[in-house]
Amino acid sequence: MSTRLGDRILKVDHAGEHGAVNIYRAQILVSSWTAPQLTPLLRHFLDHELGHRALFRDRLQARGVRRCRSYVLCGIGGWTLGLLTGALGSSAIAATTYAVESVVLAHLLEQQQQLRDTDREAFDAVSRIVAEEQEHHDHGRDAMQAGAFWPPLLTPIVRVSTEAVIWLGMRL
Ligand SMILES: [Fe+2]
Ligand SMILES: [Fe+2]
């Protein structure tokens, strides 16, 4: 069963995954100078995000729903965030992952509540990515060194920006 709320959520999550793909792509590009030890892990996360984006794209196509109007904005925003934080090095990269994924996880849990009894197909799509987002979140949290300069500065900025993009996407 397809619902308007389910369509809306699939669109926002699809755009968000496009943002995530671009964050990791940009960080991978810069991290070969600033944090080469992190590059393999970032590639691993990028593989996940490509899978998530394809999953939501397929669901939208099957329902005949166009992508979100925030899609291009998410891509540019993600790329910019990835470049800036990638340039600042490993603690900034970890803080970004932690901040983005903690907001994402909170929204996924809320979306599961909203979809559980109304749109099983969208519920299943959302549920399929939770474990991998949790892995990204946990890794970011554990990799933020205590006392490092960037995490306390970046975390609130990245959290608020991520919330803003999701808020906007649900209304476009
Ligand atoms: Fe993802
Ligand atoms: Fe992720």
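Computed values, structure above
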item	result
Criterion (modelled with pLDDT of 95 or more and over 26 Å from Ile28 (Cα atoms)) met by exactly one of Arg63, Arg128	Arg63
Qualifying residue in segment 137-146 (condition: under 13 Å from the mean Cα position of the chain (by Cα), among the aliphatic types (A, V, I, L, M) and within 16 Å of ligand 2 (Cβ to nearest atom))	no
Exclusive hit being in a helix (DSSP H, G or I) and over 19 Å from Ala148 (Cα atoms), set Leu46, Leu38, Leu84	Leu46
Any hit, segment 128-140, residues being assigned to a helix (DSSP H, G or I) and more than 16 Å from ligand 1 (Cβ to nearest atom)	no
Selected residue (only one of Ala20, Ala26, Ala62, Ala35 is more than 16 Å from ligand 2 (Cβ to nearest atom) and buried (at least 17 other Cβ atoms within 10 Å of the Cβ))	Ala35
Subset of segment 149-170 [more than 18 Å from the chain's Cα centre (by Cα) and surrounded by fewer than 17 Cβ atoms within 10 Å (Cβ to Cβ)]	Phe149, Pro152, Leu153
Residue satisfying condition, being under 27 Å from Trp150 (Cα atoms), within 18 Å of the chain's Cα centre (by Cα), free of Cβ contacts under 8 Å to residues at least 12 places away in the same chain and within 16 Å of ligand 2 (Cβ to nearest atom), within set Ala106, Ala94, Ala54, Ala99	Ala106
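The values are calculated or read from the model by the stated rules, or taken from the named source; none is laboratory data. Since we're looking at a predicted model, the values are computed, not measured. Note that we place each Cβ from the backbone using ideal geometry, even for glycine, and neighbour counts take in every protein chain shown.
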